[in-house]
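> Take this structure first; my questions come after.
The values are calculated or read from the model by the stated rules, or taken from the named source; none is laboratory data. What you see is a predicted model; the values in this text were computed from it and never measured. Cβ: placed from backbone, ideal geometry, glycine included. Neighbour counts: every protein chain shown. Accessible surface areas use protein heavy atoms only, side chains included; no ligands, DNA or RNA. Shrake-Rupley method; radii C 1.70, N 1.55, O 1.52, S 1.80 Å.
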Amino acid sequence: MSSPSTGFGPVRFLRDGTGVEASSGKILSYGSKIQVLALLQLSYEPVTKLILSRWGGLAAAGYYEMASRLVSQVRAVIVNANQVVIPIIAEASERDSDRVRDLYIRSFRTILPLDTVLTLALICTSPLVSVLWLGHAEMIFVFAMTANGIGMFLNICTNPAYFGFMGEGKLNPLLISAFTMGLVNVFGGWLLGTWLGGYGVIIAWNLAFVAGSLLVMLQYHRVKMLRWHELVSRQDVYILLMATMIGMTTMRMYVTYNSYNWKYLLVLAVELTLFAGLLFRNAALRAVIEKIPGLNRLKKSS
């Protein structure tokens, strides 16, 4: 666990005004690493589009751009909300390292069901979005939206660990993750692109995205000595399994062009009903819903 002398320097400096030189050095180091991290992250998208246009053509790159932008906007809903924990973790790491661990567990348990719902919504509506935007169900657009959605799901699950390292001022694991993403994206995209064309490039990017994200989470779990049973409940497992079944049913309906087959629609309706029931029973999700402004007053008035 982090001691006060190795935590996030600026927090201690602002609190007691001591260690000016050490704190200034930590601020400079932290800021420079943040800049390198930002530059690496900015390079992912143009590199992916460059390789995609080479092996998939300009049309595939355009479809990917549309799908990627939509997924990024949805991802930002959870990521931006989760960023508020950075200063909280920074303060907690200076005073009570056990509280940092508790904050991570609570954050992960809250994010997991929300992430599942958003990802499932993206995957299930991808053919409809394609029809609304393009006038027809474009296969590579649906594939890009689905693949990026799955990559987004796994990446969002690792965000609490990402922000945990940032809050504690430990950016080296994040830099290793960013370099890993870049290397896998370039070499994997070029290799899979030669075999599978544009689809291979999209797969390679998401493999890079997931690999780099998992490196951060696994490292954080090792440092904090976390176990999976502390993070994922049995209810969460049921929700994930049901979401997978719904996604597979939806994609099967799209691929086999059986959208209006009553058997598929009946199966999908049953799955959605069970999924809604599982979400309603999830304690972490209920806690989030109950904190929505005005909801408690509405319950009391009714």
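> Kindly state, as a whole number, the per residue volume in cubic angstrom of the convex hull around the alpha carbon atoms of region 66-161.
71 Å³
> Could you give the nm distance between label points at residue 172 and residue 128, where each point is 7 Å from its Cα heading toward the beta carbon?
That separation, rounded to one decimal, is 4.9 nm.
> Please give me the summed charge of the neighbours of residue 51: other residues whose Cβ is under 14 Å from its Cβ, Lys and Arg +1, Asp and Glu -1.
Net charge around residue 51: 0.
> With every protein chain kept in place and ligands, DNA and RNA left out, what is the accessible area per residue of region 41-136? Probe 1.4 Å, answer in Å².
49 Å²
> If I model a spin label at residue 276 and residue 54 as a point 7 Å from the Cα along the Cα→Cβ vector, what separation in nanometres do I get?
4.9 nm
> While we're looking at this one, here's another question. How much FRET efficiency would the formula 1/(1 + (r/R0)^6) give for residue 218 and residue 256, where r is the Cβ-Cβ distance and R0 is 41 Å, rounded to 0.05?
0.65
> Taking a ≥ b ≥ c as the square roots of the eigenvalues of the Cα gyration tensor of region 177-257, is the shape rounded (a/c under 1.5), prolate (a/b larger than b/c) or oblate?
Oblate shape, in that a/c is at least 1.5 and b/c is the bigger or equal ratio.
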